[in-house]
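What follows is a single structure, written as structure tokens, with notes after it.
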Amino acid sequence: MSGCSRILRWAIPLAVVPVLVLLAYGFRTDPREIPSPLVGKPASRFALTAFDGNRVALESLRGQVVVVNFWASWCYPACYEEAPSLERAWQTYKDRGVVVVGVNFQDKDEPAKRFLTQFGHTFPNAPDPSGRVSVDYGVYGVPETYFIDRKGRARFKRVGPVSDELLKQQIEPLLAEGA
Amino acid sequence: MSRFAVLAVVVLAAGARAAAPVSEETVHEVAAQLRCVVCQSLSVADSPSETAHQMQAIIRERLAAGESPEQVKAYFVERYGTWILLSPPRQGFNLVVWVVPFAGLGAGLVLVLVLVRRWSRRPAPAAEGPRPDAAMRERILRETAEREP
């Protein structure tokens with residue numbers, strides 16, 4: 001047979017290779033893990049009214065390490081898993097210049113307040129009724145947690161529940177940086 | 001005085017821009033290009049979710065403030081990355097999505113052309129035999145006549 005058909009005989013099975021490579025790459029990446037373009041940039045300012053009526057504004061927390069946690073009472077089990085860790089971190093670090101702020105995402109007042117009572121959360125917690133803050137932080141699902149340094153820059157974003165280890169691991173270096 | 005006039009014009013212009021009515025068509029057009037962040041493969045325009053409604057409100061508000069549809073999209077891309085766009089931007093690795101289908105189609109057409117040309121060029125089968133001579137012709141006629149009733 002001619003050289004042309006010999007090439008064709010190889011070319012057709014070989015054409016499968018790039019497809020397989022693409023599939024192998026595609027199946028290895030987690031489509032739910034979306035890199036946030038906000039990490040490394042100044043965190044968006046926000047001012048919300050907390051469940052207890054107090055004002056929570058990022059501006060007033062400048063100079064402190066801020067942990068902003070987006071959560072919802074309907075977010076089971078992830079938000080329930082991380083809830084005790086958040087309160088523990090708040091208790092451990094509140095006197096060392098760390099503020100934990102909860103932002104309630106797409107929730108109703110009653111179940112949200114019940115959640116806070118259930119876990120005895122004492123850190124500032126506010127609903128985001130218009131969804132502005134959540135969009136400003138590029139939230140696409142709860143729980144999501146941002147770690148903001150003393151200069152007001154978003155330094156790390158965690159999608160999914162946080163643990164005691166992760167909180168410590170992220171907070172300690174930001175504290176060590178100084179103002 | 002002229003400085004005040006300029007200021008007045010600027011303020012009026014800004015006021016006029018802010019007050020410009022936003023057509024729902026434009027809101028829909030932008031919303032249709034953005035991914036509803038809490039959904040699976042739904043645009044902000046198509047999703048009935050609370051989040052999508054809030055995103056539409058943000059789109060409407062930003063358009064009303066005088067931003068162009070492109071600027072509004074850029075606002076979301078800044079926060080969510082290009083993931084928020086339902087059709088991937090035509091650059092970098094994403095080009096694969098735009099180029100491969102057409103390249104595949106082209107390659108297929110070329111393959112078909114090559115094969116068709118090769119098949120049509122193949123020599124016609126069975127060359128003609130020798131032409132019958134006078135004796136043969138006579139024999140054929142005779143035998144045909146014999147068979148006919």
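Descriptive notes on the structure:
- Other-chain or far-sequence residues with amide H under 5 Å of A:Asn125's (modelled H): A:Phe51, A:Asp52, A:Gly102
- Sum of side-chain charges, B:Pro132 neighbourhood, beta-carbon under 10 Å (Lys, Arg +1; Asp, Glu -1): +1
- Cut-off 12 Å between beta-carbons: net charge of the residues surrounding B:His28, Lys and Arg +1, Asp and Glu -1: -3
- Ranked for footprinting exposure by Cβ neighbours inside 10 Å, fewest first, A:Arg55, B:Arg121 give B:Arg121, A:Arg55.
- Cβ-Cβ FRET estimate between A:Arg114 and B:Gln40, R0 fixed at 25 Å, reported to 0.05: 0.30
- The residues neighbouring A:Phe70, those whose beta-carbon lies less than 12 Å from its own, together hold a net charge of -3 under the Lys/Arg +1, Asp/Glu -1 convention.
- Point-to-point label distance, B:Leu111-A:Glu177, nm (Cα→Cβ direction, 7 Å offset): 5.4
- Look at the stretch A:38-48: the mean tally of other chain Cβ atoms within 10 Å of its residues' Cβ atoms is 1.
- The 3J(HN,Hα) values that the Karplus relation (6.51, -1.76, 1.60; θ = phi - 60°) gives for the range A:121-127 are, in residue order, 6, 10, 7, x, 9, 9, x Hz. Gly and Pro appear as x.
- Inter-chain Cβ neighbour average for residues A:134-145, partner chain, 10 Å: 4
- Span from the the range A:87-121 Cα centroid across to the the range A:125-149 one, whole angstrom: 13
- Length gained when the stretch B:Arg90-B:Val22 is fully extended (0.36 nm per residue, less Cα-Cα span): 21.6 nm
- Taking every C-alpha pair closer than 8 Å and separated by at least 6 residues, the mean separation divided by the residue count of the range B:11-87 gives a relative contact order of 34 percent.
- Derived scalar couplings ³J(HN,Hα) [the range A:15-21; Karplus, 6.51 cos²θ - 1.76 cosθ + 1.60; whole Hz; x for Gly, Pro]: 5, 6, 4, x, 5, 4, 4
- Value of relative contact order over the range A:83-179, rounded to a whole percent, pairs C-alpha under 8 Å and six or more apart: 28
- Divide the volume of the convex hull around the Cα atoms of chain A by the residue count and you get 160 Å³ per residue.
- Amide H contacts under 5 Å for A:Arg155, placed H, 5+ residues apart: A:Gly40, A:Phe147, A:Ile148, A:Asp149
Read-outs throughout are calculated quantities, based only on the coordinates presented, and are distinct from any laboratory measurement. Keep in mind that what you see is a predicted model, and the values were worked out from it rather than measured. Cβ: placed from backbone, ideal geometry, glycine included. Neighbour counts: every protein chain shown.
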